[in-house]
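The values are calculated or read from the model by the stated rules, or taken from the named source; none is laboratory data. Values in this document were obtained by computation on a predicted structure and should not be read as measured data. Cβ: placed from backbone, ideal geometry, glycine included. Neighbour counts: every protein chain shown. Areas reflect the complete protein model, heavy atoms only, side chains present, ligands, DNA and RNA absent. Shrake-Rupley method; radii C 1.70, N 1.55, O 1.52, S 1.80 Å.
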Amino acid sequence: MHRLQNRRILVIDDTPAIHEDFRKILADTPGDSELDEVEAALFGAPVRKPELAFELDSAYQGHEGFAKVSQALGAGRPYAMAFVDMRMPPGWDGVETIERLWQADPRLQIVICTAYSDYAWDEVLNRLDVGDRLLILKKPFDTIEVRQLADALTAKWQMTERAALKMADLDAVIQRRTDDLKRANDALKAEIDEHARAEAALKLAASVFDNTMDGVLITDTAGTILSVNPAFTAITGYVAEEAIGRSPSLLRSDRHDPEFYRELWETLLREGRWEGEIWNRRKSGEAYLEWLSIGMVAGEDGRPLRYVGVFNDITELRRKDEHIRHLAFHDPLTGLPNRALLLDRLEHSLAGARRTGERLGLMFIDLDRFKHINDSLGHDTGDALLQEVARRLRESVRQSDTVARMGGDEFVILLEQVGEPEVCAGLAKKLLTRLNAPMELDGHTLQVCASIGIACFPDDGADTVTLMKHADAAMYAAKSAGRGTFRFFQVEMTEKAGQRLQLEMELRSAVRKGELEVFYQPGVSLSTGNACSVEALVRWRHPERGLVPPNDFIPLAEETGIIHELGNWVLEEACRQSRAWREQGLGRIRIAVNISAKQLQEGDLAERIAGLTRKYGLTPGDLAVELTESVIMANPEEISGVFDRLRRIGVTVAVDDFGTGYSSLAYLRRLPIDVLKIDRSFVRNADRDAGDAQIVRIIMALAQALKLDVIAEGVETQAQAHFLASCGCETAQGFLFAQPQPATVAAEWLRAHRAVSGPTAVEETLCSASR
């Protein structure tokens, strides 16, 4: 359509018959019997002149008309006029519709079509900024009047458009001529100013180049050095004559692999600059660390012309920083972590253990009769003894454990991931034997023994202060018991071992006896409140203990191997329940199942899921599997292969408790996953703690960059939900929406939180993972 021949008309009326009337009047012009009769009465035999056809579109509500006008503008095919009904329940009335239409297209000519109105006409005209864009056509319509209005207003639109185009052309010509004259004057002045500035800049650049303390080298695009400054010579030892004409590789230290230099050049060519730390070598052969910034200088055609490198020697600065940091957090005599570093690591380990439910061990070690040795043989021998003790302690523990010196003859060992207290007891015996072995120091053969106190998290304390205090008390109890031994704080080993054995026996029979039950917790769309999915959570309904929470028996199941049978039962139960809910009319419901590391190690998880879904008439896409971040990062390469097989058959893969496992971003980027679940520990205070809020935002940004969906766990308040929504999180689960609940209760909840129409909301993949 040529813009100046616009005869497009939009009819907005909630009555379909009205649209048909307009179409008969305006679109079916050939053979119009009514017009023929009028012409015959006035002029005799009708002689119809060829008429330009109108192009009609229909809308049955105001908002639909607004959408069509907006779409027409976007497509470059605006409407010339619109016939608008005054009353169109239940949506906008005619006045609001006209206001919205003129917001979208102020040039639109409008005819109000009405038999009556909710407004006085004076009120309508006062409310609308009418101008000359509005006419009123009262029902019933006169055919000729309608056609005349259509002819006149479309012609008016075309004339207005033509005049606007001519005026714009005239303004453009005047503006161009004015701009040309101004540019000519400005160019002359700029040329004079530029000449002066260039001369001054050259003098300044030459002065800076020669006098800056940063080394500078300039190369061509082939990497040949063209120029260096005096600071370059001072730092590298190469004078200008030795460097010019050669490649910067003459400085290479061989501390970086070829991949480092390849990435450097890729960044430089892609972004036009690179900066970072790099090890180079002076003419003397000494390696040094420098901070290097390389920038590309483009020619007039935008292509690289020169490269400029600016660097400074930061070797000594780095050495001082590392030394200061080491002194602040390490014992200067033994090199072991000091109290400050131990407390920091203990706080960090406790935070992780609270999330994972793992046990920590804290051992306080005090050398018996050290003061006697120190006083008798001197401080030098005493220091040598402490250094030898530190060496033996380090060699006796795992690399992941921390050995610290608290001062004097007191040492502390922090043991992570302690399965049972017996592990601490075994290590204590090993340490006592190791420390009691003879030492040859300064010509003296010495033997020392130690007293060791042990406290475990969570058994003997839930925080740093309590755990330290209890371990210290246990150490003094060991001294009181005769030295050269160890004690647990409030030792209850026999009773706990018996309780654990009893629980294991009862758990082994729980599946067979039907005591296990799957509860379901929905995931909810934060924007609609509709259910998106459900997570299957196993519970143990013990005949005597009542409902046993998973934290009390899942770790035991993993340690004893029962997790294989239990996990497979949960998988099948989830498939069975999905089929049952479908038969109850709830539609496809995706169920997320937590998978243990031991289940993945079986190697047949994908095949097992495929078989179960066939058995119950489902597809693998009806299931999602969740694995904690810490388990994934323990063996990312192997787990990546399992995830890949799961995704190939259609199973959605989610990383549970994300943010707690110290993921390598390089691994995370390569893992075949669909969803990140933000750990509840970050969600809990995100709406009022700046640190947790920033972590949530970072996870959201990371997920967006990796094109992953996000589910927030543990949402308990509206404030948390609002904060998550503001960060772009679409899906959440937590007590704010629903607690884990039995299948029958969950079914009613799901039925009450379905979408109003169309497929049920729970058919979506964790709300959006299938997108």
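Per-structure values
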read-out: Heavy-atom accessible area order for Lys598, Lys166, Lys283, largest first, 1.4 Å probe; value: Lys166, Lys283, Lys598
read-out: q = 0.25 Å⁻¹, the stretch 333-403: log10 I(q)/I(0) [Debye, one scatterer per Cα]; value: -1.20
read-out: Largest-first principal axis extents of the Cα set of the stretch 285-411 (Å); value: 81, 44, 21
read-out: Range of Cα positions in the chain per principal axis (Å), largest first; value: 139, 90, 49
read-out: Additional length obtainable on full extension of the chain from Ser527 to Thr15, 0.36 nm per residue less Cα span; value: 180.9 nm
read-out: Ratio Rg/Rh, restricted to the stretch 511-753 and using Cα atoms, in which Rh is the Kirkwood radius; value: 0.95
read-out: Residues Glu638 and Lys707, FRET efficiency given R0 of 35 Å [Cβ-Cβ distance, rounded to 0.05]; value: 0.90
read-out: 0 to 90° range, to nearest 10: angle between helix 690-705 axis and the chain longest Cα axis; value: 60 degrees
read-out: Rounded to the nearest 20 debye, dipole of the stretch 336-489 from Cβ charges on Lys, Arg, Asp, Glu; value: 260 debye
read-out: Charge dipole (debye, nearest 20) of the chain; +1 at Cβ of Lys and Arg, -1 at Cβ of Asp and Glu; value: 1000 debye
read-out: Share, in percent, of DSSP beta bridges within the chain that are antiparallel, nearest 5; value: 60 percent
read-out: Selected from Gln71, Leu153, Trp121, residue furthest toward positive end of dipole (the stretch 61-156; charges at beta carbon); value: Gln71
read-out: Virtual spin-label span in nm between His542 and Leu170, 7 Å along Cα→Cβ; value: 9.4 nm
read-out: Modelled FRET efficiency - R0 60 Å, Ala53 with Glu420, Cβ distances, 0.05 increments; value: 0.10
read-out: Extension reserve of the Glu191-Ala437 stretch, reckoned as 0.36 nm per residue once the Cα distance is removed; value: 79.8 nm
read-out: Kirkwood-Stokes translational diffusion coefficient of the stretch 245-305, alpha-carbon pairs, 37 °C, 0.692 mPa s, µm²/s; value: 254 µm²/s
read-out: With Cα atoms, 0 to 90° folded angle of helix 16-26 axis to the chain main axis; value: 50 degrees
read-out: Distance cut-off 25 Å, percentage of C-alpha pairs in the stretch 591-728 lying past it; value: 30 percent
read-out: Two-decimal Rg/Rh across the stretch 336-489, once Rg and the Kirkwood Rh are taken from alpha-carbon atoms; value: 0.97
read-out: Residues of the stretch 449-485 with amide N under 15 Å of the 7 Å Cα→Cβ point at Lys429; value: 485
read-out: If the convex hull is drawn through the Cα atoms of the stretch 111-266, its volume per residue in Å³; value: 368 Å³
read-out: Considering only the stretch 511-753, percent of DSSP beta bridges that pair antiparallel, nearest 5; value: 40 percent
read-out: Rounded to 5, percent antiparallel among DSSP beta bridges of the stretch 336-489; value: 90 percent
read-out: In sequence order, calculated HN-Hα J values of the stretch 154-162 (Karplus, 6.51, -1.76, 1.60; Hz; x Gly/Pro); value: 5, 5, 4, 4, 5, 5, 4, 5, 5
read-out: Phi to ³J(HN,Hα) by Karplus 6.51 cos²θ - 1.76 cosθ + 1.60 over the stretch 298-315, Hz, x for Gly, Pro; value: 8, x, 4, 8, x, 8, x, 10, 9, 10, 10, x, 10, 9, 9, 7, 10, 4
read-out: Accessible area in square angstrom per residue, the chain, 1.4 angstrom probe; value: 51 Å²
read-out: Sum of -39500 (n - 2.57) over DSSP H runs of 4+, divided by residues of the chain (222 nm, nearest 500); value: -15000 deg cm²/dmol
read-out: For the stretch 402-461: span of alpha carbons on each principal axis (Å, largest first); value: 45, 23, 16
read-out: Out-of-range pairs (alpha-carbon distance over 25 Å; input Lys371/Lys469; Lys182/Lys203; Lys469/Lys598); value: Lys182/Lys203; Lys469/Lys598
read-out: Nearest-20 debye value, the stretch 212-320 charge dipole, Cβ charges on Lys, Arg, Asp, Glu; value: 240 debye
read-out: Mean Cα-pair separation over length for the stretch 336-489, i.e. relative contact order, pairs under 8 Å, 6 or more apart, %; value: 30 percent
read-out: Hz values of 3J(HN,Hα) by residue in the stretch 223-228 - Karplus curve (6.51, -1.76, 1.60), Gly and Pro given as x; value: x, 8, 5, 9, 7, 9
read-out: Projected area, mean over directions - the stretch 181-306, Cα convex hull, nm²; value: 9.7 nm²
read-out: Accessible carbon and sulfur surface of the chain relative to its total accessible area, %, 1.4 Å; value: 53 percent
